[in-house]
Structures are given as C-alpha cells and as structure tokens.
Amino acid sequence: MKSNPFNDRLREEVILRAHLAALTDLDPSLVPVLALCDPVPLRAEQGGFAGLSRIVVGQLLSVQSAAAIWERFSDVLGELNAKRFVQLDADALNGVGLSKAKSATIRAIALAELSGDLDYDRVALASLSDALTMLTAIKGIGPWTAEVYLSFCVGHPDIFPVGDLALRKIVAHHMGHDVTPSINETIKLTQKWSPYRGAAARLMWRYYAVTKSKEGILI
C-alpha cells in the first residue's frame, strides 16, 4: 500500500517539532529565537530528479527569479523527469533563463540517473558522508547543492548546509560575531547543535527571513 503524502508530511512536521524542542533544550540561547520564528516551516520538497534540479535552478538567485525560471522550466519539460529532459532539443530551453552551466549540471544529473550511476533511493539510505560523495560525484553538483538536497528532499536530521551564505550570516548574528564565519568555522560553531542540525538549519533560515524580511533560498 502506498503511503499517504499528507500523513507523511504530518509525521515529518511532528518530528521537526520534537527536534526543535530537543534543540532548545540542548542550547537554551535558541529559546527566544524559536519564540520569534514559530512556526518554523518544514521545507520538505519532492526528491529525485525534480527536487535536485530545482535546487540547481535556485543557486545564487533571488527567490523570485528562481521561481520564475523554475516555472518556465517546468512548463517546457511538462514531465519533470530525467528521460524527458534528455529528449529535449538543445534549443527547447532557450528563453527559460537557465544558464549554460546549470543546464549542463541538470543534464549530468539526468544522464547519471539514466545510467544507474545516481540512485536516489541509495542516496536516501546511505550514511551522510556516502550520500554527499554520491551527489558531488556528478559534475556541477557542489557541497551546497548536495547538503540542501539531503536536508529538504531526503529529510536528513543532522545536516546544516554551511555553504549557504544566509545561514552563515544569521549564525554570526545569533552568536554575536561581527564577521561572517567561514564554512569551516561554521561547521565548528554549529557542531553543538548535533544531532539536530537539520532542525537548526530550518530555524536559522526562518530567523534570517524574519530578521532580514527575505528568504535565504528557494525551497
């Protein structure tokens, strides 16, 4: 019997609430942050080709620009799957607004899936380290894209996408740092939130949105 997506989402929201509660017990400095930001959105997204492609489309773009490009991209594809993408004529994506680099990355994703080199079920079941290795083996997929996919499309509970500038900025703000920490520094600063770094990332993105009145990424 297939699971009910509505029930799956309810279960994930209950888990997020539990993790946020455990997180604030772990770090009481986050209690006022959660009070300000509650409710924290789940930000769960479809996995597979569609989910990974959407993250690629949204790289380094505002929420509005990424949403517009994704809508045009979806309209052109019709069916959001790897087979449909590789069947497209090269000129079909003209006017969508997708850069050549992003188009090449999405093609690499599609070809890896169709060849069997990329198995989304294996990625979802793998250890965090192995999952990151599988995803970043695809040309054009960097750590940020892989981490965001694992966080929002797989639901990994203990991943904090430190490559995201908005997250690093809001971590600095919360911890009273004048300078935005580097990726390695952010890894060290957020280690104390393990094993609930997935919930911490969602809380920090929401905190960024509340304090800056804009979203950090398109998810």
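Checking each residue in region 8-57 for being among the hydroxyl-bearing types (Ser, Thr, Tyr) and either free of Cβ contacts under 8 Å to residues at least 60 places away in the same chain or in contact with an Asp or Glu (Cβ under 7 Å, 6 or more places away or on another chain) (or both) picks out 24, 53.
Residue 152 fulfils the conditions (1) in contact (Cβ under 8 Å) with a residue 24 or more places away in the chain; (2) in contact with a Leu (Cβ under 7 Å, 6 or more places away or on another chain) except for a single criterion, (2). Note on region 66-81: residues that are in contact (Cβ under 8 Å) with a residue 12 or more places away in the chain and either assigned to a helix (DSSP H, G or I) or among the acidic types (Asp, Glu) (or both) amount to 8. For residue 11, the conditions (1) under 21 Å from residue 156 (Cβ atoms); (2) open to solvent by less than 40 Å² (accessible area, probe 1.4 Å) are fulfilled apart from (2). Number of residues in region 112-131 that are open to solvent by 40 Å² or more (accessible area, probe 1.4 Å), at pLDDT 95 or above and either in contact with a helix residue (DSSP H, G or I) (Cβ under 6 Å, 6 or more places away or on another chain) or within 19 Å of residue 161 (Cβ to Cβ) (or both) equals 3. Note on region 172-200: residues that are touching a residue at least 60 places away in the same chain (Cβ under 8 Å) and not in a helix (DSSP H, G or I) amount to 1. Filter region 133-144 down to the residues that are of a type outside the set (Gly, Ala, Ser) and modelled with pLDDT of 95 or more, then identify the one that is most open to solvent (accessible area, probe 1.4 Å). The selected residue is 139. Restricting attention to region 159-171, the residues that are closer than 25 Å to residue 14 by Cβ and part of a loop (DSSP other than H, G, I, E, B) total 3.
If you go through region 66-83 and keep only what is more than 21 Å from the chain's Cα centre (by Cα) and modelled with pLDDT under 95, you end up with 75, 76, 77, 78, 79. Here residue 61 does not fit the description of being out of contact with any strand residue (DSSP E or B) (no Cβ under 9 Å at 6 or more places or on another chain) and part of a helix (DSSP H, G or I).
The values are calculated or read from the model by the stated rules, or taken from the named source; none is laboratory data. Since the structure is predicted, the reported quantities are computational estimates derived from the model, not experimental observations. Positions of Cβ are backbone-derived with ideal geometry, glycine not excepted, and every protein chain shown enters the neighbour counts. Side chains included, ligands, DNA and RNA excluded: accessible areas come from the protein's heavy atoms. Shrake-Rupley method; radii C 1.70, N 1.55, O 1.52, S 1.80 Å.
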